[in-house]
Amino acid sequence: MAVLAVNGGKLAVDKKLIQKWPPVGQAQYDAVREVLDSGVFWGPTEKQVELLQEEARDYLGVKYSIVVNSGTAALHACHMGVGTQPGDEVICTAFSFWASCQGVVAQNAIPVFVDVDPNTFNIDPTKIEAKITDRTTAIVPVHTHGTPCDMDAINAIAKKYNLKVIEDAAQSFGATYKGKKGVWGDMAAISLNGTKNLPGGEGGIVLTDNEEYYQHARMGSMFGEKHLKKGEYRLYDALQMGFNYRSTELNDALCRSYLHMYDEMQEQRLKNVAYLHEHLSGLKGIKPLIPPEWAGSTYHLYKVLWQPEELGVKDISVQRFKWAAERALCAEGCDCYTWHIMPIPGERIFQSKNAAFGGIPWSLSTTSEHSRNIVYDPYDYPVAMDMFDRSMILRCIYYPNTVELMEQLVEAIKKVLANVDELVEYAKTIEFPRMPWEKRIL
Ligand SMILES: Cc1ncc(COP(=O)(O)O)c(C=O)c1O
């Protein structure tokens, strides 16, 4: 049997096949050069920002868009748009990057976490209602890895309790829900950072079909001032709280160059994904995350879950197996990693309930007794915890990587699975990340 690369064996993947993300071609140079030649690098109504807003709106079929300087800013702008207030409780998913709920905390509102659905690892709608109180004002579903949440179920709950729905669509630009692109809740926030399927270096887009929310989010992104048309005189007269969330012409031009080739890039990504789905399904010891029929995922990230139980592995923990398998695969030349390793409520900011000085926002007089006493126990999210224990991301499914590379990734996975005894011995030797609060024997 082949020796694993972690033990000095031959690599299963020809690393020269792996292309960089994002791809840089003539279109990107031309886009950036055009801005440099114009000498106009920023401005709320300049050419590139206006065009990016328009093209994103058209691509997604949405009425209003605001290009800002990050996905985090876009999410915060959404909260300013719908009017999230101090002391409000906002339903958030336990599994995401905590940027998903920074806008909540920035408004001095309280995130209330819900466990995830094992079929998508998005927020589990069946567990939302139990967390709703008379202070709940909004739900923030995150379309993790580009796979839409079960929006009909979420919207039905929102309607029943009169809640706003702010979608964290950071990873899901162009995803479809039941065949439809666009905003499925009240507002949505896209991220354009360099890792994303639609990259702009840094950047974000606020999307909504609601004019009132749009106006407030717009002012919130521009010092609280009324949005002016090009040439209108600026009074510097703030109407509400607002920040400088403006983007730059350079980022926006770069992002547009990718938007113009977005369908082509996504087509290759989906071909790669289809190959992985087909060839990883049915392998003992690993399970690819395959979204439900109704979810047209963008596959920002490709998730697999290790199943050591299926291989008869008994004398080491699932977590130890996972970290060893991930490292063994990386050593074989696969570009893999773990995207987040603990539930958001497990992060120290929530464990200490201290986002700013003096325990803000939990300690504020606007915060209810119930919110003040909220307990953020990571073990309250067993589905998310089990996912962290066994999941891993295969990164290089993106354009212009081809199926030839996917074939090698599958061979590398098969090699690791075929050498399970060697892997288990290796696993016994490794150190891996642990949470400060972890009580289990790993
Ligand atoms: C799910 C999710 N939410 C929010 C963000 C924040 O986006 P940005 O990095 O553009 O601020 C990201 C990206 O990093 C993300 O993946």
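The values are calculated or read from the model by the stated rules, or taken from the named source; none is laboratory data. Here the structure is a predicted model, which means the values were calculated and not measured. Don't worry about glycine lacking a Cβ; one is built from the backbone with ideal geometry, like all the others, and counts go over all protein chains shown. Areas reflect the complete protein model, heavy atoms only, side chains present, ligands, DNA and RNA absent. Shrake-Rupley method; radii C 1.70, N 1.55, O 1.52, S 1.80 Å.
Under 19 Å from a label point set 7 Å out along the Cα-to-Cβ vector of E55, the amide N atoms of the range 245-265 belong to 247-265.
In µm²/s, what is D for the chain at 20 °C and 1.002 mPa s, where D = kT/(6 pi eta Rh) by Stokes-Einstein and Rh is the Kirkwood radius from Cα pairs? Present the calculation step by step, with values, prior to reporting the outcome.
Details: Rh = 23.0 Å.
Estimated via Stokes-Einstein, D reaches 93 µm²/s.
Stretching the chain fully between H277 and N119 yields a gain of 55.4 nm (0.36 nm per residue, less the alpha carbon separation).
Beyond 13 Å, what share of the Cα-Cα pairs of the range 383-442 remains, rounded to the nearest whole percent?
Working: 1345 of 1770 pairs.
In whole percent, the long-distance tail amounts to 76.
Panel values: the range 181-299, Kirkwood radius from alpha carbon pairs, Stokes-Einstein at 20 °C and 1.002 mPa s, translational diffusion coefficient 122 µm²/s. The aspartates and glutamates whose alpha-carbon is closer than 17 Å to the alpha-carbon of K47, local same-chain residues fewer than 8 away aside, are D30, E34, D37, E55, D58, E232, E249, D252. Here the range 61-174 is treated as a sphere whose radius is the Kirkwood value from Cα pairs; by Stokes-Einstein at 25 °C and 0.890 mPa s it diffuses with a coefficient of 175 µm²/s. Remark: the range 208-273 projects, on average over all directions, an area of 6.8 nm² (convex hull of Cα atoms). One chain, two ends: S365 and D152. Fully extended at 0.36 nm per residue, the span grows by 73.1 nm beyond their Cα-Cα distance.
Packing-based ranking of 65-71, 49-55 yields 65-71, 49-55, ordered from highest to lowest mean Cβ neighbour count within 10 Å. Extension gain, D237 to T126, is 35.4 nm, computed as 0.36 nm per intervening residue step minus the present C-alpha separation.
A 1.4 Å probe run over the chain, with the rest of the protein chains in place, finds 42 Å² accessible per residue. Here the Kirkwood formula puts the hydrodynamic radius of the range 4-143 at 19.1 Å, using every distinct Cα pair.
Leaving out ligands, DNA and RNA, what percent of the accessible area of the chain is carbon and sulfur, probe 1.4 Å?
Numbers: 9850 of 18710 Å².
Its accessible area is 53 percent carbon and sulfur atoms.
Quick one: which of 299-310, 104-115 comes out on top by average Cβ neighbours within 10 Å, and what's the full order, highest first? Mind showing how you got there, number by number?
Working: 299-310: 21.0, 104-115: 23.3.
Top to bottom by mean Cβ count within 10 Å: 104-115, 299-310.
Going through the cross-link list K181/K229; K16/K287; K15/K181, which pairs have a Cα-Cα distance over 30 Å in this structure?
On the way: K181/K229 28 Å; K16/K287 27 Å; K15/K181 35 Å.
Correct reply: K15/K181.
The order of the peptides 239-249, 117-127, 225-235, 359-369 by mean Cβ neighbours within 10 Å, most packed first, is 117-127, 239-249, 359-369, 225-235. Go ahead and run the numbers for FRET between Q85 and D263, Cβ-Cβ distance against an R0 of 41 Å, rounding to 0.05. About 0.55, to the nearest 0.05. Would you mind pulling out the separation of the Cα centroids of the range 412-442 and the range 326-358, in Å? Here the answer is 17 Å between Cα centres. Here the Karplus curve 6.51 cos²θ - 1.76 cosθ + 1.60, taken at θ = phi - 60°, turns the phi angles of the range 424-440 into couplings of 5, 4, 4, 4, 5, 9, 9, 9, 8, x, 10, 7, x, 9, 4, 10, 7 Hz, with x standing for Gly and Pro. When the C-alpha to C-alpha distance is required to be over 28 Å, the pairs from K20/K415; K178/K271; K20/K178; K164/K271; K63/K127; K271/K428 that qualify are K20/K178; K164/K271; K63/K127; K271/K428. Considering only beta bridges that DSSP places wholly inside the chain, some 65 percent are antiparallel.
Over the chain, what is the relative contact order in whole percent, taking alpha-carbon pairs under 8 Å and six or more residues apart? Could you put the intermediate results ahead of the total?
On the way: 913 pairs, mean separation 97.0, N = 442.
In percent, rounded to a whole number, it is 22.
With only the Cα atoms considered, the range 26-260 has a convex hull volume of 111 Å³ per residue.
Using all pairs of distinct alpha-carbon atoms, the Kirkwood hydrodynamic radius of the range 283-442 works out to 18.0 angstrom. Over the range 275-326, the alpha carbon radius of gyration divided by the compact-protein estimate 2.2 N^0.38 Å works out to 1.30.
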